[in-house]
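Undergrad: The structure follows.
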Amino acid sequence: MTAVDVSATVLAGFPSWREPDPEIHFPTPQEVLDDLALPAGQWKVKRKRADFETRQLPSADGGPATRTDNVLSVGRVGGG
């Protein structure tokens with residue numbers, strides 16, 4: 001049987017052209033990881049930003065904008 005790389009990446013954040021809504025809570029990568037409750041020893045964290053990151057990018061009309069987001073990527077140990 002061939003091993004398959006089973007993985008998932010979660011990205012969260014408002015689009016660069018929209019002002020963040022203070023009423024909406026985007027979970028941190030750790031909150032997402034805790035909520036997934038992945039079985040210990042079966043999954044590994046491939047990439048996790050410790051907190052939200054703000055970066056500069058263009059808005060929908062080409063003007064300057066910022067985006068705040070986070071990233072969590074996990075993969076199954078053993079690939080299958």
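Every read-out reported here was derived from the displayed coordinates using simple, explicitly stated rules and does not represent laboratory data. A quick note: this is a predicted structure, and the numbers were derived from the prediction, not measured. Neighbour counts are summed over all protein chains in view; Cβ atoms, including those assigned to glycine, are modelled from backbone coordinates with ideal geometry.
Undergrad: Between K46 and T68, with labels modelled 7 Å along Cα→Cβ, what's the label distance in nm to one decimal, could you check?
TA: With each label placed 7 Å out from Cα toward Cβ, I get 2.8 nm.
Undergrad: Separate question: Work out the FRET efficiency for A37 and D61 from their Cβ-Cβ distance, taking R0 = 41 Å, and round it to the nearest 0.05.
TA: 0.50
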